[in-house]
Structures are given as C-alpha cells and as structure tokens.
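To start, the structure under review is shown below, and the notes come after it.
The values are calculated or read from the model by the stated rules, or taken from the named source; none is laboratory data. Quick caveat: nothing in here was measured; it's all calculated off a predicted structure. Cβ placement follows ideal geometry from the backbone for every residue including glycine, while neighbour counts extend to all protein chains displayed.
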C-alpha cells in the first residue's frame, strides 16, 4: 500500500536548514531596524551569511520573511511571561515583561506598514497571545500581593500602547521605559512602598 504524500507526516527540517532559517530571521530583524522594512532581500541574505537561493527556499516572498520576524517576536513575548515567572517574583516579572514589550513594539512599528494586507490576521492572532501573556503576569502579581487587586491587564495593555505614541521620534524607547517604571510604582500595593 502506497501512502500519498499529503498523508505522510511532515518531516522535521534538517538542523542546518533550521539554523539558516533562524539566521535569516535574525538578520532580517537587524536589517529592518537599520534600514527599514524595504531593505533588499540580498542584503538580508548577506547579513545571514547565506545565498539568496537559501533565503528564497525559506521565504519565497518579502511578506513571508517580514511575517516570520513578526511572528517570532510575538512568540518570544509569549514565552517570556512564563520564563520570567520562574526566575522572578510575580511583580518583578510583570515589570520586566513590560520593559521587553517596548522592544517588541519597536519591531512591530518597523514591520507594520510592510505587513500590508496580512496585518489583520497576523495582528488578531498575535494580539491574543500578548493579552494571554500579560493576563497571566497580572493575575500572578495580584495573587502574590505585588500589585493592586484592581489592576486590569487590558488597562495596562492600553497604557503600554499609549507609551509608544510618537514611536518615530527620537528617544521614545527611553521615554516608554520611564513611563513603565512610573506605571509600576502606581500598581504596587501600599505594603510594598515605592
């Protein structure tokens, strides 16, 4: 009996292919930060140390590599919530995660216009993952008594989005981090002090 190709389980990518994919995504993120989302694909391949054919095998279009960078950023933010909770007190984990969110938002601003028509589906799924992560952190910090019991994840997320207003201006990231510190001071319970 012959098994049809579509019925076979998907093969895991070879280790070298996976490394090349990761290097391409890393290089693309750095290139987008340095030169914008319109940087040439040849430049991304050069920065990754691979040929243009390798780039096209992994990412057949510009949209595909832009989406891969964005999805990886979302994955890293979602994963960071659990990782931070294992290494820090819940309130500190929330504070650190919000600081990481500034970097995520910087990347999102870089690729947002390039995501174009894909942005609706990508933003919808990524938004849910980010909300799930911040909800986990806020719930744990409230339960531990590290932040006020009336702290709401959606309110905190709204504040974070507001902190990125003017993200194209100089110094916005430092400003956003200062605002996060101020927000955390307001979220802490009175027993913690400032």
**Prompt:** Going by the conditions given, is residue 91 within 25 Å of residue 41 (Cβ to Cβ) and either exposed (fewer than 15 other Cβ atoms within 10 Å of the Cβ) or at pLDDT 95 or above (or both)?
**Reply:** no
**Item:** Count of residues meeting criterion [surrounded by 17 or more Cβ atoms within 10 Å (Cβ to Cβ) and within 15 Å of residue 95 (Cα to Cα)] in the stretch 156-172
**Value:** 4
**Asked** For residue 5, which of the numbered conditions (1) out of contact with any helix residue (DSSP H, G or I) (no Cβ under 6 Å at 6 or more places or on another chain); (2) at pLDDT 95 or above fails to hold?
**Response** (2)
**Prompt:** List pairs: first in the stretch 9-36 and closer than 17 Å to residue 56 by Cβ, second modelled with pLDDT of 85 or more and loosely packed, with under 13 Cβ neighbours inside 10 Å, Cβ under 9 Å, 6+ apart or cross-chain?
**Reply:** 20/49; 23/49; 27/49; 31/40
